[in-house]
Every structure is written in structure tokens, then in C-alpha cells.
1. Helix 156-166 versus the longest principal axis of the chain: what is the Cα-based angle in degrees, 0 to 90, to the nearest 10?
2. Could you give the angle, 0 to 90 degrees to the nearest 10, between helix 303-314's Cα long axis and the longest principal axis of the Cα atoms of the chain?
3. With each run of n ≥ 4 DSSP H residues scored as -39500 (n - 2.57), what mean residue ellipticity at 222 nm is computed for the chain after dividing by its residue count and rounding to the nearest 500 deg cm²/dmol?
4. Based on the mean of other beta carbon atoms within 10 Å per residue, what is the order of 239-246, 4-11, most packed first?
5. Given the convex hull over the Cα atoms of region 146-234, what projected area results after averaging over all orientations, in nm²?
6. Over region 72-314, consider all pairs of different Cα atoms and compute the Kirkwood hydrodynamic radius from their mean reciprocal separation; express it in Å, one decimal.
7. Binning at 10 angstrom from zero up to the longest distance, how are the C-alpha pair distances of region 1-63 distributed in percent?
8. Compute the semi-axes of the equivalent ellipsoid of region 32-89, taking the square root of 5 times each eigenvalue of the Cα gyration tensor, and list them largest first in whole Å.
Amino acid sequence: MDTLIELFDNAQQWLFEQFVQPVLFHLGLASMIEDAYGGTMWLLIGLLQMVLLVVVFGSLQRWRPVETVTDRQQVRVDVFYTVLYRLGFFRLGLFFLIQPLWDGLFGQAHVWGFAPLQLDQVWPGVTDQPWVSLIMYLLIFDAFDYFYHRAQHRYTWFWGLHAVHHSQRQMTMWSDNRNHLLDSLIRDALLVVFSQLIGVAPSQFVLIVVFTQLVESFSHANVRMSFGKWGDHLLVSPRFHRHHHSIAFDESTAGPARGHNFSVLFPVWDVLLGTAKFETPFEPTGIYDQLPEAGAHDYGRGFLAQQWLGLKRMLGADQSV
């Protein structure tokens with residue numbers, strides 16, 4: 001493990017010195033070197049993730065696909081989303097748009113005496129063990145994502161944004177990142193506040209984000225695979241999550257307010273709150289009103305169109321399921 005960490009640190013240093021730092025000096029942004037070094041870490045993580053997606057997840061998709069991909073243009077759109085999110089371009093936008101605001105707010109909060117909960121200190125000698133606290137924080141952040149996801153399906157304006165994600169008719173390992181930018185901005189802003197409140201360590205926050213992203217990419221993959229009867233109860237599988245994206249219309253679960261299998265990592269939240277469905281078939285994906293018999297609603301075929309239509313739906317200027 002120490003060797004891997006050393007290799008990663010060396011790679012981050014090389015990438016920063018060879019590419020990022022010269023660009024900063026050229027643009028007259030030398031004052032941002034410290035922040036940019038942290039950003040280089042996310043860039044390197046994103047590059048490694050994309051290699052893993054192509055080599056491992058891509059091989060699984062070719063080995064046991066659920067369906068033959070016929071609309072490759074839409075897959076390329078999802079690849080663009082993945083590059084935007086995983087290589088740090090969206091995170092860079094957040095840095096300029098909201099990071100100064102959060103720094104100011106939390107800085108003032110500390111002046112007023114605010115102190116995070118430090119949940120890893122709840123049971124000294126146990127919860128402060130790195131692997132125990134990591135599991136604990138994974139469960140807590142997953143609960144956050146579960147309820148956030150439920151809200152995306154519960155409120156019509158929120159569903160207007162989230163429908164961008166569900167509009168992919170040929171779901172692949174790239175589809176996890178097909179999200180409306182405003183939706184992602186809201187989630188990340190709330191996540192920053194949440195992480196500050198519970199006092200998660202920065203190093204563990206990185207591990208939580210990376211693990212969550214990889215599981216999400218795999219759960220969206222075009223792979224005819226599950227983890228078995230018991231495994232599917234422990235970790236979200238491609239079959240478990242594919243049912244959440246099913247285009248099938250069910251009168252008892254119609255509309256943005258309802259659905260099944262909302263969990264991101266651990267199905268335990270769906271089980272506890274009665275939204276789990278296991279051992280489901282590998283169904284076609286999408287939104288019901290995309291079908292010709294339901295009106296062939298347009299959710300946009302390109303990035304800009306999808307973003308624009310999402311805003312229109314949110315504001316009530318465009319109607320969807």
C-alpha cells in the first residue's frame with residue numbers, strides 16, 4: 001500500500017510540474033499553486049478511473065452486454081459528461097463559483113465557535129480506527145445520497161433536472177455522469193455542508209468519493225450481471241440499479257414521485273424504507289414518455305439541448321412524466 005501511495009504522489013508531482021504549473025504561470029495565476037496541486041490530485045484520480053472503466057468495465061460490457069448498443073452518438077454524449085466530471089472541469093467551476101463562499105461561511109462559523117461533530121470520535125478506540133470510520137462514513141454519505149435521490153424523484157421541479165440522467169435509452173458505464181449541471185451543483189453544495197457538519201477527514205472524503213463513483217459507474221454498466229441473491233442485498237449491482245432506470249410504465253409507480261432501488265451504494269436503505277426490488281429482469285431503460293405511444297417526448301440529443309430542456313422542465317416551461 002505504501003508503494004502505491006508513493007507512486008501516486010510521484011505521478012501527481014510530475015503531472016503538476018510538467019503541465020499544471022506552467023499553465024498557471026503563463027496565465028498569471030501563481031497565487032493558486034497550492035489549490036491547483038490539490039486539483040491535480042483529482043485530475044489524476046479521474047484519469048485512472050477512466051482507464052479502469054475502459055479496460056475492466058468495458059471488457060465486461062463486451063463479454064455480457066444486456067443489449068446491443070445501436071445509438072453510439074448518445075454514448076459519446078455520456079463520455080463527454082464523464083470527461084467533464086471525472087477530469088475535474090466541473091470541480092474547477094465549483095472552485096471559482098462557490099468555494100470562496102463556503103470558505104467565508106465556514107471561516108465565520110469557526111470564529112463563532114462552530115465545531116464539527118467528529119463522528120469518528122463517538123467510540124474512542126473503535127470508530128477512530130481508519131477502516132471502521134471509513135465504513136461508517138460510507139454508510140452515512142450513502143444515506144445522504146439515498147434521500148437526495150428520493151427528493152429528485154419526489155418534487156416535479158427537481159425531477160425536471162434529474163430527468164436528464166434518466167433519459168438515456170442505452171445505458172452504459174458512462175451514463176452515471178449524465179446529469180444536469182445545476183442538479184450537480186445543488187448536490188455538491190449540500191454535500192460540502194454535510195461533510196463539514198460531521199467532520200469527515202479530507203483523506204477519507206477522497207476515498208468515499210472515488211469508491212462511490214466507481215460503484216455508480218459499474219451499476220450503470222451495460223452488463224448482464226448481479227452479485228447473487230445475498231450479494232445484491234449488500235452492494236448495488238447493475239441488475240438492481242437497472243430496474244431503477246426501467247422505462248416500463250407501472251400504474252402503481254408512475255410519475256416522478258415514486259420508484260424503486262434509489263440506493264447508490266448499499267441497498268440497505270431501500271430495504272429499510274420499503275423501496276427495494278430484487279431479482280428483477282434486465283429491462284430497457286429511459287423515461288416512459290420517450291416512447292412513441294406515450295408522445296415521444298424530447299429530452300435532447302446533445303449536451304446543450306439536454307441542459308436547456310432540463311432548465312425548461314424545472315421552470316415548468318416544458319412538460320415531462
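FYI, it's all coordinate maths here, none of it is from the lab. On a predicted model such as this, the values are computed, not experimentally measured, just so you know. No Cβ is skipped: glycine too gets one built from the backbone with ideal geometry, and neighbour counts run over all protein chains shown.
1. For helix 156-166, the angle is close to 90 degrees.
2. Roughly 80 degrees, rounded to the nearest 10.
3. Counting only the DSSP helices, I get -18000 deg cm²/dmol.
4. In decreasing order of mean packing, 239-246, 4-11 become 239-246, 4-11.
5. Averaged projected hull area, Cα only: 7.1 nm².
6. 19.2 Å
7. Distribution as computed: 21, 38, 26, 13, 3 percent.
8. The equivalent ellipsoid of region 32-89 has semi-axes of 29, 14, 5 Å.
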